[in-house]
Amino acid sequence: MNKINVVKLFYIFIIGSLVGWVVEGLYTLIVFHELVNHSAVVIGPFDMAYGICFVLLTLLFYKLPNISFVKAFLLSFLGGTILEYIMSLGMEIFLGFTAWDYSTYPLNINGRVCLIYSVFWGILGIAWVKLVYPFIMKLLNKFNYKIANKIAIILFIFLVFDVMLTIQARERAKAKLKGIEPKNKYEEFLDNTFNMDYLKNMYNNMEWAKK
């Protein structure tokens, strides 16, 4: 397979984040008939859990283009399950919400992972190594890398700003929930733009919003 580097990994992360946002949005629209913004940040369609998953699959398989279906399944089954558990635990500890809860599914561990989705991870690993990754790399290899590097830097700076804004919006929403009034124009802007209703549409399992 093609050589990988930090810039390519970053673009794979971006592609995964965009794909995840579309997939999750279509799923909730079809199954629950709701329009839900599954972005992890307040600006832009970035479901970063999927971006991280795409990067993980790349790191697992980019040196193993000829891996057997069985080995690809087992490696992705194990790696995906571990990653999903860590992401769920991390979001609960540091962000105060859970993006998924498998408590009602059979053979689950603390509602964070379950057998059904671990099997899905295994199947995804096969599809990734045999179909998806080679296709993405063909696209990335057509890039003009001087331009691609500049765009990557701009995107990275934007995402850092977006993450910081998201954290501030979440903290302001918590304060407003406690009845604390805005102290300045910026906090008023957060109240009017990225308020509790906006955040609930993104993080519909926020524990602190249910208290």
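The values are calculated or read from the model by the stated rules, or taken from the named source; none is laboratory data. Bear in mind that the values here come from a model prediction, so they are computed numbers and not experimental data. FYI the Cβ positions are ideal-geometry reconstructions off the backbone, even for glycines, and counts take in every protein chain you see.
In region 179-204, how many are of a type in the set (D, E, K, R), surrounded by fewer than 16 Cβ atoms within 10 Å (Cβ to Cβ) and at pLDDT 90 or above?
Going residue by residue through region 179-204, those that are of a type in the set (D, E, K, R) are 181, 183, 185, 187-188, 191, 197, 200.
Okay, now just the ones that are also surrounded by fewer than 16 Cβ atoms within 10 Å (Cβ to Cβ), so 181, 183, 185, 188, 197.
Restricting the remaining residues to those that are at pLDDT 90 or above gives 181, 183, 185, 188.
Selection size over region 179-204: 4.
Among the residues of region 159-187, which ones are within 27 Å of Ile12 (Cβ to Cβ) and free of Cβ contacts under 8 Å to residues at least 40 places away in the same chain?
Listed by number, the residues that qualify are Val160, Phe161, Met164, Ile167.
Of all residues in region 124-145, which are of a type outside the set (Ser, Thr, Tyr) and farther than 16 Å from Leu75 by Cβ? First the steps, then the outcome.
So the first thing to find is which residues in region 124-145 are of a type outside the set (Ser, Thr, Tyr), and the list is 124-132, 134-144.
Of everything in region 124-145, those that are of a type outside the set (Ser, Thr, Tyr) and farther than 16 Å from Leu75 by Cβ turn out to be Leu131, Pro134, Phe135, Ile136, Met137, Lys138, Leu139, Leu140, Asn141, Lys142, Phe143, Asn144.
Go through region 52-102 and report how many residues are under 21 Å from His38 (Cα atoms), charged (D, E, K, R) and more than 14 Å from the chain's Cα centre (by Cα).
2
What residue, among those in region 20-51 that are buried (at least 18 other Cβ atoms within 10 Å of the Cβ) and of a type in the set (A, V, I, L, M, F, W, C), is farthest from the chain's Cα centre (by Cα)?
Val42
Can Thr81 be described as surrounded by 15 or more Cβ atoms within 10 Å (Cβ to Cβ), out of contact with any Leu (no Cβ under 8 Å at 6 or more places or on another chain), farther than 16 Å from Ile12 by Cβ and β-branched (Val, Ile, Thr)?
Values: surrounded by 15 or more Cβ atoms within 10 Å (Cβ to Cβ): yes; out of contact with any Leu (no Cβ under 8 Å at 6 or more places or on another chain): yes; farther than 16 Å from Ile12 by Cβ: yes; β-branched (Val, Ile, Thr): yes.
In short, yes.
Name, by its number, the condition in (1) farther than 30 Å from Ile147 by Cβ; (2) in contact (Cβ under 8 Å) with a residue 24 or more places away in the chain that does not hold for His38.
Checking His38 against (1) farther than 30 Å from Ile147 by Cβ; (2) in contact (Cβ under 8 Å) with a residue 24 or more places away in the chain, the one that fails is (1).
Residues being over 30 Å from Arg172 (Cβ atoms) and of a type outside the set (Ser, Thr, Tyr): count how many of those fall in region 78-137.
Going through region 78-137 one residue at a time, the tally reaches 32.
Being within 15 Å of Ile4 (Cβ to Cβ) and not in a helix (DSSP H, G or I) is the filter here, so list the residues in region 24-66 that pass it.
Tyr62, Lys63, Leu64, Pro65 - these are the residues of region 24-66 that are within 15 Å of Ile4 (Cβ to Cβ) and not in a helix (DSSP H, G or I).
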